[in-house]
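Presented below is the structure to which this report refers.
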Amino acid sequence: MDVPRRRRPDGVARPGVMPRWLMGPGRVAAKHLVNPLVMSVAGRLGPYGVVRHVGRRSHRAYATPVWAGALGDDFVIALVLGTETDWFRNTQAAGQCTLQLHGVSYTLTEPEVIDRATALRAFPAWIRMVAHLLGLRYFLKMRRGSAS
């Protein structure tokens, strides 16, 4: 599956789970309200992981909570808010990130957007159900590197 561009040829952005007009406010709410709560369990509990990435312009280190699951030698990360999120764009630009999941940190490389049918096999049943209800369409597959 091709990596979605910032905008499709018809001018419509690649949205996540909400209408386009809510995406900006939705990202702000996620960044300042939801992320701090989820970060308290992310990386240690269930499918909640932490993606550690470096800003493509600022070169600052960031940590973002995500839904992640293993699929063979790869990991799959749900792009809940679509392909315009900073963490996704930073990871694409760098070609790598670190994922903390179940208390273990993995270096991930080779980011590739994959289809929903393939991606959902990496997640537990309740995440698959929520993904269908929310209409999640985009998932990021990355190759597992070293674990620490």
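Values computed for the structure shown
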| quantity | calculated |
| --- | --- |
| Extension gain (nm, one decimal) between residue 104 and residue 125, 0.36 nm per residue minus Cα-Cα | 5.3 nm |
| Segment residue 94-residue 58, extension gain: residue separation times 0.36 nm, minus the distance between their alpha carbons | 11.7 nm |
| Filtered trypsin sites (Lys or Arg not before Pro), the stretch 56-148: DSSP coil and at most 12 other beta carbons within 10 Å | 57, 60 |
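Any read-out appearing in this document is the output of simple, stated calculations on the displayed coordinates, not a laboratory observation. What you are looking at is a predicted structure, and each value in this text was computed from that prediction instead of being measured. Using ideal geometry, Cβ is built from the backbone for each residue, glycine included, and neighbour counts are taken over all protein chains shown.
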